[in-house]
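Asker: After the structure tokens below, expect a handful of questions from me.
Read the figures in this text as sums done on the coordinates, not as results from a lab. All values reported here derive from a predicted model rather than from experimental measurement. Glycine gets a Cβ as well: all are built from the backbone with ideal geometry, and neighbour counts include every protein chain shown.
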Amino acid sequence: MHLLRSTLRELPSYLWSGWGAICSLLLLMAAWQLVSELYGSLVLAQPLEAFASFKHLWNNQTLPEALIITGRRALSGLLLALGLGTGLGLLAGVSVTAAMMSRPLVTVLLGMPPIAWLVLAMLWFGASDGTPIFTVFVATFPMVFIGALQGARTVDNQLNEMAQTLQLPKRMMLFDVYLPHVFSYLFPAWVAALGMSWKIVVMAELLANQDGVGASLAVARSHLDSAASMAWIVAIVLLLLGIEYLFLEPIKRQVERWRVTEA
Amino acid sequence: MLNHPVCLCAFRPFFLLSLVSGLISLFLWLGFLQGWWVLPATTSGIIVWHAHELLFGFVMASLAGFILTAMPEFTRTPDVRRQIFLGLAVLWVLGRITFWASGWLGIVPTAITNVGFSLGLWLYLQPRLLVNPLRRQWLFSMGLAGMAGISIGFYSDLLRDLYPMRWLHAGIGMMMALIVITASRIAMRIVNESIEALPINKDENDQDLPDEYRSTPPRRNLAVFCILLYTATHFIWPQASVNGWLALAAAASVFNVLNDWHVGRALFSRWPLQFYAVYWFMAVGYIVLGLQHLGMPIPASSGWHLLSIGGMSLSVFSVLCISGRTHSGHQLDERNWVNLVTCLIIIAAISRALAGWLDLPLNLLYLISGSTWLAAFSITLYYLAPVFLKPRPDGGKGCEEPL
């Protein structure tokens, strides 16, 4: 409750601090405008043409529908990865043997390019939802796993011993000693996984599916419709920026403040 | 003559000249717009005359007065000698006379006096601005050099028989950058004084607010960069759509500077609020210009006037009140006329910006804007002229703050 209240109190100043980011994005728009004027609309549609196409796609429901489909796939794969990655990572972190054993496997998973997983997923799941969901899961799982593993491995032993000496109740041990520490490793991993999942789902859809943002992007490309392509890209980027700045960043600030206070 | 109180400090003659010339220029312009009289024949045309006189006359004199007074303080160098600032003031007056009479005298005399003034101001201050390695004033130096360069460009266009309006637009942009640089300096003092004036015990809601105002250089520099970038591209490609995005970026960068200003209740006192309004006018002016470049049916002159009346006139007024009074040995003016004038300038800016939108009555809006502006600066002259013309009440003999 206190967290919510302080977040709401800081909301106006947080939102106002977004002007710096808006300024940078507008400078990017200017560069986009310059390049499109230099090379012509066929190569790169002008920003206003892309926005007009965006509006059109939004009004005829194509865009919201595609976003919902893509969002569902990305979230399914991500939730699977968050659940399994966090659980298994924590388990692996508790045991040194398990940690030692799992490290090379995670390295292999991390090193494997998502496009290779996509090829396998297409063979296994065809053009169904399974392909993007599996690709998202398998690409984000190792990131979450390694975050949870490191969080569990690096719990301060002295703090642990002190808590045990003082015979802290189990609930307190969990919420005041273990979780805050583990969360400081887990949260950045979750954030990175979220960003990654969105990019991967679009790539998977582009190659494997008939619907969703990625598939629509492929259709726009095949029609040489530069304005629609840019409109889809704008939609993806806007959603990513919205999640990053309106959802994750405020949480990140609260978490960081709490870490500073704890220190 | 040199012992008259008006010669005590550089700002005194310049601030007086600024007010008088601004009032005469705008009075003549308003009468011309209402069809009461015709303006003196100049070589550049009437719109250029109006913009040039308010920029290189009214605003430039205020800037010169402020900079010649403040730079010795900022750079820890001796006060500017009377002969120097009076010489510059004479050059400025000659610039006005020759420009107004350029229809008869030709371009060369006005080019020599006006370029001479801008260039002379920069060249004279340049060694001071960069002499102290710990207190180098690069941004001020570049701003003054920019204004001198714009003056040279303006007259080179006139001499080549080209329409020189682009230089005046560039001048407005340069002034906007200078306002961002200057306002942050003045704000360090006025906002912090307002914070100190508040009761010490903060309530719970104020706990997260900063204890003092700090002007963040990266935010300020970003704003200066964006404003100058738009100014440069607009100068090179006046019709290009890229200007739209750059103007919007400039607006966002100005709003970004306001992050420094959100210091809680201290903001709601008259002096911080004036500068806060200046930033808002600048940002909205750039938004209007940006949308106009991107194809919205908005008159560009609305944007330029939000910048020039809301941005420049209001900041000139604030500087005259703050710098003019404190360097004359007076405390800041707490009387109500200051708020009245601020409101009048705001009305002038908004009514002028609305002219040309939809089917609003053009001439009536010009009349409201012009007359409120004239009323605002007439009141200012009435209250500030005695301050500039009389000896200091504290017995001081120069530019120092109240003893």
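Asker: With 10 angstrom as the radius, rank A:55, A:170 by how many other C-beta atoms surround their C-beta, starting from the fewest.
Answerer: A:170, A:55
Asker: Output the Cα-based Rg and Dmax of the range A:110-224 in Å, rounding Rg to one decimal and Dmax to a whole number.
Answerer: 20.3, 70
Asker: Can you give me the relative contact order of chain A as a percent, contacts being Cα pairs under 8 Å and 6 or more apart?
Answerer: Numbers: 271 pairs, mean separation 68.3, N = 263.
After rounding, I find 26 percent.
Asker: Can you put A:205, B:334 in order of Cβ neighbours within 10 angstrom, beginning with the fewest?
Answerer: Lowest count first: B:334, A:205.
Asker: Per residue of the protein assembly as shown, what 222 nm ellipticity follows from adding -39500 (n - 2.57) for every DSSP H run with n ≥ 4, rounded to the nearest 500? Can you show the working numbers first?
Answerer: On the way: 27 runs with 488 residues, N = 666.
Result for the protein assembly as shown: -25000 deg cm²/dmol, rounded to the nearest 500.
Asker: Please give me the summed charge of the neighbours of residue B:8: other residues whose Cβ is under 9 Å from its Cβ, Lys and Arg +1, Asp and Glu -1.
Answerer: So the surrounding residues net to +4.
Asker: Ranking A:206, A:179, B:403 by Cβ neighbours within 10 Å, fewest first, what do you get?
Answerer: B:403, A:179, A:206
Asker: Here's a follow-up. In chain B, which helices (entire DSSP H runs) extend 30 Å or more along their own long axis, judged by Cα positions, while averaging at least 1.6 on the Kyte-Doolittle scale?
Answerer: B:11-33
Asker: Would the range B:348-403 count as rounded, prolate or oblate if I go by the C-alpha gyration tensor, calling it rounded below 1.5 in a/c and otherwise prolate when a/b exceeds b/c, oblate otherwise?
Answerer: The shape class here is prolate.
Asker: Here is a follow-up. Quick check on the range B:296-403: what does the Kirkwood estimate of hydrodynamic radius come out to from the alpha carbon pairs, in Å?
Answerer: After inverting the mean inverse Cα-Cα distance, the result is 15.2 Å.
Asker: Which whole-Hz ³J(HN,Hα) couplings does the range A:76-87 yield from phi under the Karplus relation 6.51 cos²θ - 1.76 cosθ + 1.60, θ = phi - 60°, glycine and proline marked x?
Answerer: Ordered by residue, 3J(HN,Hα) equals 4, x, 5, 4, 4, 5, 5, x, 5, x, 5, x Hz.
Asker: Here is a follow-up. Give the relative contact order (percent, whole number) for chain B; include only Cα pairs under 8 Å separated by 6+ residues.
Answerer: Here the relative contact order equals 17 percent.
Asker: Separation between the residue B:104 and residue A:108 pseudo-spin-labels, each 7 Å from Cα along Cα→Cβ, expressed in nm?
Answerer: Placing both labels 7 Å along Cα→Cβ, they lie 9.7 nm apart.
Asker: For each cysteine in chain B, check whether another cysteine's C-beta sits under 4.7 Å from its C-beta; list those where none does.
Answerer: Result for chain B is B:7, B:226, B:321, B:343, no neighbouring Cys Cβ within the cutoff.
Asker: From the P(r) of the range A:65-262, can you give the percent of Cα pairs sitting at distances over 25 Å?
Answerer: Values: 8947 of 19503 pairs.
Value for the range A:65-262 (Cα pairs over 25 Å): 46 percent.
Asker: Write down Rg/Rh for the protein assembly as shown, rounded to two decimals, with Rg from the C-alpha atoms and Rh from the Kirkwood relation over Cα pairs.
Answerer: Radius of gyration relative to Kirkwood radius: 1.08.
Asker: Sort chain B into rounded, prolate or oblate with this rule: let a ≥ b ≥ c be the square roots of the eigenvalues of the Cα gyration tensor; rounded if a/c is under 1.5, and if a/c is not under 1.5, prolate when a/b is larger than b/c, oblate otherwise.
Answerer: rounded
Asker: Going by alpha carbons, how many degrees (0 to 90, nearest 10) lie between the helix axis of A:96-111 and the longest principal axis of chain A?
Answerer: Rounded to the nearest ten degrees, it is 10.
Asker: Quantify how strongly other chains surround peptide B:232-242 by giving the mean number of their Cβ atoms within 10 Å of each of its Cβ atoms.
Answerer: That works out to 2 on average.
Asker: Say each of residue A:253 and residue B:235 gets a label point 7 Å from the Cα, pointing the same way as Cα to Cβ; how far apart are those two points in nm?
Answerer: Modelled inter-label distance: 3.7 nm.
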